[in-house]
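Comments concern the structure below.
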Amino acid sequence: MSLDRIGQALASFYDDLIAEGVPEHLAALVRQVRQPEPAPVVPNPIAGKPTSKSGKLALVVEDDATTRALAEALLEETELGVVGCDSAEAAIEIMRTRGGDVSLVFADVHLSGVMDGVQLASAIALLWPMTRLVVTSGQRTQRPGSLAPQAVFIPKPWRPMDLLGEAERACAEPQPILP
(Lines give C-alpha, C1' and ligand atoms only; values in the text may rest on other atoms or scores of the structure.)
Protein backbone atom coordinates (compact mmCIF):
# COMPACT_ATOMS: atom_id res chain seq x y z
CA MET A 1 0.00 0.00 0.00
CA SER A 2 1.54 3.27 -1.06
CA LEU A 3 1.53 6.45 0.96
CA ASP A 4 0.02 8.15 -2.09
CA ARG A 5 -3.08 5.92 -1.86
CA ILE A 6 -3.42 6.57 1.86
CA GLY A 7 -3.06 10.31 1.22
CA GLN A 8 -5.72 10.19 -1.48
CA ALA A 9 -8.11 8.35 0.82
CA LEU A 10 -7.46 10.83 3.64
CA ALA A 11 -8.13 13.74 1.28
CA SER A 12 -11.47 12.29 0.24
CA PHE A 13 -12.39 11.41 3.83
CA TYR A 14 -11.87 14.99 4.95
CA ASP A 15 -13.75 16.57 2.02
CA ASP A 16 -16.87 16.41 4.15
CA LEU A 17 -15.09 18.20 6.98
CA ILE A 18 -13.97 20.93 4.60
CA ALA A 19 -17.59 21.48 3.61
CA GLU A 20 -18.40 21.91 7.31
CA GLY A 21 -15.92 24.74 7.82
CA VAL A 22 -12.36 23.51 8.26
CA PRO A 23 -9.88 26.41 8.49
CA GLU A 24 -8.61 27.50 5.06
CA HIS A 25 -4.97 26.57 5.76
CA LEU A 26 -6.01 22.96 6.43
CA ALA A 27 -8.34 22.93 3.43
CA ALA A 28 -5.47 24.11 1.19
CA LEU A 29 -3.28 21.21 2.35
CA VAL A 30 -6.02 18.68 1.66
CA ARG A 31 -6.63 20.12 -1.83
CA GLN A 32 -2.97 19.54 -2.68
CA VAL A 33 -3.48 15.78 -2.46
CA ARG A 34 -4.92 14.30 -5.67
CA GLN A 35 -8.42 12.91 -5.50
CA PRO A 36 -8.60 9.09 -5.74
CA GLU A 37 -9.51 7.44 -8.99
CA PRO A 38 -12.78 5.51 -9.11
CA ALA A 39 -12.58 2.36 -7.06
CA PRO A 40 -11.84 -0.74 -9.11
CA VAL A 41 -14.33 -3.59 -9.10
CA VAL A 42 -13.39 -5.80 -6.19
CA PRO A 43 -13.74 -9.56 -6.61
CA ASN A 44 -16.06 -11.43 -4.27
CA PRO A 45 -14.28 -11.31 -0.87
CA ILE A 46 -15.82 -14.62 0.14
CA ALA A 47 -14.24 -16.51 -2.76
CA GLY A 48 -10.75 -15.03 -2.47
CA LYS A 49 -8.70 -15.39 0.67
CA PRO A 50 -6.70 -12.21 1.34
CA THR A 51 -3.15 -12.96 2.28
CA SER A 52 -1.79 -11.67 5.54
CA LYS A 53 1.25 -12.27 7.67
CA SER A 54 -0.83 -13.66 10.52
CA GLY A 55 -3.60 -15.47 8.61
CA LYS A 56 -6.11 -13.24 10.43
CA LEU A 57 -8.59 -10.87 8.80
CA ALA A 58 -10.10 -7.46 9.47
CA LEU A 59 -13.64 -6.92 8.18
CA VAL A 60 -14.54 -3.30 7.38
CA VAL A 61 -18.29 -2.69 7.18
CA GLU A 62 -19.02 0.83 5.91
CA ASP A 63 -21.55 2.02 3.33
CA ASP A 64 -19.50 5.09 2.35
CA ALA A 65 -16.98 3.81 -0.22
CA THR A 66 -14.41 6.53 0.50
CA THR A 67 -14.43 5.95 4.25
CA ARG A 68 -14.32 2.19 3.70
CA ALA A 69 -11.33 2.58 1.36
CA LEU A 70 -9.51 4.69 3.96
CA ALA A 71 -10.07 2.11 6.70
CA GLU A 72 -9.04 -0.71 4.36
CA ALA A 73 -5.88 1.16 3.32
CA LEU A 74 -4.89 1.72 6.94
CA LEU A 75 -5.58 -1.88 7.95
CA GLU A 76 -3.62 -3.24 4.99
CA GLU A 77 -0.53 -1.85 6.72
CA THR A 78 -1.10 -4.22 9.66
CA GLU A 79 -0.66 -7.97 10.02
CA LEU A 80 -4.30 -8.46 9.06
CA GLY A 81 -5.72 -9.26 5.66
CA VAL A 82 -8.63 -6.92 4.85
CA VAL A 83 -12.11 -7.56 3.49
CA GLY A 84 -14.64 -4.75 3.03
CA CYS A 85 -18.38 -4.64 2.47
CA ASP A 86 -21.20 -2.08 2.70
CA SER A 87 -23.93 -3.85 4.67
CA ALA A 88 -24.40 -5.91 7.81
CA GLU A 89 -26.01 -8.65 5.72
CA ALA A 90 -22.88 -8.94 3.56
CA ALA A 91 -20.74 -8.93 6.71
CA ILE A 92 -22.77 -11.78 8.22
CA GLU A 93 -22.30 -13.78 5.01
CA ILE A 94 -18.53 -13.22 5.18
CA MET A 95 -18.54 -14.19 8.86
CA ARG A 96 -20.45 -17.39 8.06
CA THR A 97 -17.76 -18.47 5.62
CA ARG A 98 -14.67 -16.89 7.18
CA GLY A 99 -15.63 -16.10 10.79
CA GLY A 100 -12.85 -18.22 12.25
CA ASP A 101 -10.30 -16.05 10.41
CA VAL A 102 -11.80 -12.67 11.34
CA SER A 103 -10.03 -11.04 14.29
CA LEU A 104 -11.43 -7.51 13.91
CA VAL A 105 -14.75 -6.12 12.69
CA PHE A 106 -14.81 -2.34 12.16
CA ALA A 107 -18.38 -1.23 11.42
CA ASP A 108 -20.29 2.02 11.06
CA VAL A 109 -23.61 2.33 12.90
CA HIS A 110 -25.41 3.45 9.72
CA LEU A 111 -25.17 0.89 6.92
CA SER A 112 -26.99 0.07 3.73
CA GLY A 113 -29.38 -2.83 4.17
CA VAL A 114 -31.82 -3.75 6.91
CA MET A 115 -29.45 -4.23 9.87
CA ASP A 116 -27.37 -1.44 11.37
CA GLY A 117 -23.89 -1.65 12.88
CA VAL A 118 -25.20 -2.00 16.46
CA GLN A 119 -27.29 -5.03 15.45
CA LEU A 120 -24.32 -6.44 13.53
CA ALA A 121 -22.07 -6.06 16.59
CA SER A 122 -24.66 -7.87 18.75
CA ALA A 123 -24.89 -10.75 16.27
CA ILE A 124 -21.11 -11.10 16.00
CA ALA A 125 -20.67 -10.87 19.79
CA LEU A 126 -23.12 -13.74 20.17
CA LEU A 127 -21.98 -15.97 17.30
CA TRP A 128 -18.24 -15.16 17.14
CA PRO A 129 -17.38 -13.97 20.67
CA MET A 130 -13.60 -13.96 20.14
CA THR A 131 -13.82 -11.30 17.40
CA ARG A 132 -12.78 -7.78 18.43
CA LEU A 133 -15.62 -5.36 17.64
CA VAL A 134 -15.16 -1.67 16.89
CA VAL A 135 -18.21 0.43 16.02
CA THR A 136 -18.10 4.02 14.76
CA SER A 137 -20.62 6.73 13.97
CA GLY A 138 -20.63 10.30 12.76
CA GLN A 139 -24.16 10.79 14.08
CA ARG A 140 -23.35 9.97 17.68
CA THR A 141 -20.70 11.28 20.02
CA GLN A 142 -21.41 8.72 22.74
CA ARG A 143 -21.59 4.95 22.82
CA PRO A 144 -25.06 3.67 21.80
CA GLY A 145 -26.76 2.18 24.86
CA SER A 146 -27.71 -1.03 23.05
CA LEU A 147 -24.17 -1.70 21.78
CA ALA A 148 -22.69 -5.08 22.81
CA PRO A 149 -20.68 -4.57 26.02
CA GLN A 150 -17.45 -5.94 24.54
CA ALA A 151 -17.58 -3.59 21.53
CA VAL A 152 -15.39 -0.50 21.43
CA PHE A 153 -17.06 2.73 20.23
CA ILE A 154 -15.04 5.35 18.33
CA PRO A 155 -16.90 8.50 17.16
CA LYS A 156 -16.24 9.91 13.68
CA PRO A 157 -14.08 11.43 12.52
CA TRP A 158 -11.91 8.70 13.97
CA ARG A 159 -8.17 9.01 14.12
CA PRO A 160 -6.12 6.51 12.10
CA MET A 161 -4.07 5.66 15.20
CA ASP A 162 -7.25 4.63 17.07
CA LEU A 163 -8.11 2.12 14.34
CA LEU A 164 -4.52 0.88 14.06
CA GLY A 165 -4.40 0.42 17.84
CA GLU A 166 -7.51 -1.76 17.74
CA ALA A 167 -5.99 -3.78 14.89
CA GLU A 168 -2.85 -4.31 16.96
CA ARG A 169 -4.96 -5.50 19.90
CA ALA A 170 -6.89 -7.85 17.60
CA CYS A 171 -3.60 -9.42 16.51
CA ALA A 172 -2.08 -9.62 19.98
CA GLU A 173 -4.93 -10.45 22.32
CA PRO A 174 -8.16 -12.37 21.86
CA GLN A 175 -11.39 -10.50 22.55
CA PRO A 176 -12.47 -11.12 26.15
CA ILE A 177 -15.73 -13.01 26.44
CA LEU A 178 -18.10 -11.15 28.75
CA PRO A 179 -20.71 -13.04 30.77
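The values are calculated or read from the model by the stated rules, or taken from the named source; none is laboratory data. Because the structure is a prediction, the values reported are computed rather than measured. Glycine also receives a Cβ, built like all others from the backbone with ideal geometry; neighbour counts cover every protein chain displayed.
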Output the residues belonging to region 55-81 that are part of a loop (DSSP other than H, G, I, E, B) and farther than 21 Å from Pro129 by Cβ. Glu62, Asp63, Asp64, Glu76, Glu77, Thr78, Glu79
In region 109-125, how many are touching an Asp or Glu at 6+ places or on another chain (Cβ under 6 Å) and on the phi < 0 side of the Ramachandran plot? 4
Given (1) touching an Asp or Glu at 6+ places or on another chain (Cβ under 9 Å); (2) assigned to a helix (DSSP H, G or I), where does Phe106 come up short, assuming only one miss? (2)
I need every pair where a residue in region 76-96 that is closer than 15 Å to Ala65 by Cα has its Cβ under 7 Å from the Cβ of a residue that is surrounded by fewer than 21 Cβ atoms within 10 Å (Cβ to Cβ) and among the hydroxyl-bearing types (Ser, Thr, Tyr), sequence separation at least 6 or different chains. Asp86/Ser112; Ser87/Ser112
Which residue, of Gly84, Gly99, is assigned by TED's automatic domain parsing to the domain that holds Val60, in a helix (DSSP H, G or I) and either crowded, with 16+ Cβ neighbours inside 10 Å or at pLDDT 95 or above (or both)? Gly99
